[in-house]
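Undergrad: I'd like to ask some things about the structure below.
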Amino acid sequence: MYFDVNPDAAHDIHDLAVVLLGQKMYFYTDAGVFSKKMIDYGSQVLLSTLDFQEGESVLDVGCGYGPIGLSLAKAQIFSSDVYEAVEGVFDHVISNPPIRAGKKVVHQVITGSFEHLKPGGDLTIVIQKKQGAPSAKVKMEETFGNCEIVKKDKGYYILRSEKES
């Protein structure tokens, strides 16, 4: 399991002050979350490619402590095992998927997004080439019938698929 709610685990608190999308933000992170000491480069690359309009809904899957969703200030953050607690449909689903959870979980993020997108909505993910970008691209093409490489940067791929209207 990639993440396990364990309130008895030893704490390793970190205080982050960062600028995301031009906004100064503060995070307190703890043991057991990805990239607890800084905003990871892949998330920064993903944020640099997003262009959402005011009022559009966004679902951030695999959000960890929430730097992507919070910096977009467009979605409430709630706990869910992939899409288990998700209701409704969204204009956009974004994810820096939990690679260490395995390909099966990454593919669940991709395939599960389809039913949670409005027609014309899109899924955008960031994934390193060496950690499965080619197979993720294939899965996105199988699921949506399309997949665009939006950006490549230092081995990170930003992949986007659109749910056709």
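Undergrad: For the range 120-160, what are the per-bin percents of Cα-Cα distances with bins 5 Å wide, up to the bin holding the maximum?
TA: 6, 27, 37, 20, 8, 2
Undergrad: Relative to the longest principal axis of the C-alpha atoms of the chain, give the angle of the C-alpha long axis of helix 133-144, reported between 0 and 90° and rounded to the nearest 10°.
TA: In the chain, helix 133-144 runs at an angle near 50 degrees to the longest axis.
Undergrad: Could I ask something else about it? Once label points are set 7 Å from the Cα along Cα→Cβ at both Ala17 and Asp153, what is their separation, rounded to one decimal in nm?
TA: Here the answer is 2.4 nm between the modelled labels.
Undergrad: Another question about this same structure. Probe radius 1.4 Å, ligands and nucleic acids ignored: give me the carbon and sulfur share of the accessible area of the chain as a rounded percent.
TA: Values: 4670 of 9390 Å².
Reported share for carbon and sulfur atoms: 50 percent.
Undergrad: On to the next question. In percent, what relative contact order does the chain have, based on Cα pairs under 8 Å that are 6 or more apart in sequence?
TA: With pairs under 8 Å counted, the relative contact order is 18 percent.
Undergrad: Considering only Gly64, Gly155, Gly88, give the residue with the highest GNM mean-square fluctuation for the chain, with springs between Cα atoms whenever their separation is below 10 Å.
TA: Fluctuation is largest for Gly88.
Undergrad: How much length would be gained if the chain were fully extended between Glu164 and Asn6, taking 0.36 nm per residue of separation minus their Cα-Cα distance, in nm to one decimal? Numbers along the way, then the final one.
TA: On the way: separation 158, 0.36 × 158 = 56.88 nm, distance 4.04 nm.
Once the chain is fully extended between Glu164 and Asn6, it gains 52.8 nm.
Undergrad: Which length gain, in nm to one decimal place, applies between Ser135 and Met25 when the Cα-Cα distance is subtracted from 0.36 nm times their residue separation?
TA: Working: separation 110, 0.36 × 110 = 39.60 nm, distance 3.38 nm.
Going from the current span to full extension adds 36.2 nm.
Undergrad: I'd like the trypsin sites (Lys or Arg not before Pro) in the range 93-165 restricted to DSSP loop residues with at most 16 other Cβ atoms within 10 Å, sorted by number.
TA: Working: sites: Arg100, Lys103, Lys104, Lys129, Lys130, Lys137, Lys139, Lys151, Lys152, Lys154, Arg160, Lys163; in loops: Lys154, Lys163.
Those that pass, being in a loop and sparsely packed, are Lys154.
Undergrad: Assign unit charges at the C-beta atoms only (+1 for Lys and Arg, -1 for Asp and Glu), then state the dipole size of the chain relative to its Cα centre in Debye, rounded to the nearest 20. Each step should come with its number before you reach the end.
TA: Numbers: 17 positive and 22 negative charges, 153 e Å.
Dipole size: approximately 740 debye.
Undergrad: Okay, moving on. Using a probe radius of 1.4 Å on heavy atoms only, what accessible surface per residue do you get for the chain? Whole Å² is fine.
TA: Details: 9390 Å² over 165 residues.
For the chain, the solvent-accessible area averages 57 Å² per residue.
Undergrad: Next up: Computed from the mean reciprocal separation of all distinct C-alpha pairs, what Kirkwood hydrodynamic radius does the range 1-61 have, in Å?
TA: Working: mean 1/r = 0.0718 Å⁻¹.
One over the average 1/r among Cα pairs gives 13.9 Å for the range 1-61.
Undergrad: Could I ask something else about it? Need one number for the range 31-84: average projected area of the convex hull over its C-alpha atoms, nm². Write out the running numbers ahead of the final one.
TA: Working: hull surface 16.9 nm².
Mean projected area of the Cα convex hull: 4.2 nm².
Undergrad: OK, next. For the range 47-126, calculate the relative contact order in percent as a whole number, restricting contacts to Cα pairs under 8 Å that are 6 or more residues apart. Working shown, then result.
TA: Values: 106 pairs, mean separation 25.0, N = 80.
About 31 percent, as a whole number.
Undergrad: Let me check I have the definition right: for the chain, take the eigenvalues of the Cα gyration tensor, multiply each by 5, take square roots. What are those semi-axes in whole Å, largest first? Working shown, then result.
TA: Numbers: eigenvalues 117, 62, 55 Å².
The three semi-axes for the chain are 24, 18, 17 Å.
Undergrad: What GluC sites (Glu not before Pro) in the range 61-165 are in a loop by DSSP, with at most 15 other Cβ atoms within 10 Å of the Cβ? If you can, show how the numbers build up before the last one.
TA: Numbers: sites: Glu84, Glu87, Glu115, Glu141, Glu142, Glu148, Glu162, Glu164; in loops: Glu84, Glu87, Glu164.
Of the GluC sites (Glu not before Pro), the ones in loops of the range 61-165 whose Cβ has at most 15 other Cβ atoms within 10 Å are Glu84, Glu87, Glu164.
Undergrad: Identify the residues of the range 103-122 with backbone N under 20 Å of a label point that sits 7 angstrom from the Cα of Glu84 along the Cα-to-Cβ direction, or state none.
TA: 103-116
The values are calculated or read from the model by the stated rules, or taken from the named source; none is laboratory data. Worth saying up front: this structure is predicted, and the values here are computed from it rather than measured. Please note: Cβ atoms are built from the backbone with ideal geometry, for glycine as well, and neighbour counts cover all protein chains shown. For accessibility, only protein heavy atoms count, side chains too; no ligands or nucleic acids. Shrake-Rupley method; radii C 1.70, N 1.55, O 1.52, S 1.80 Å.
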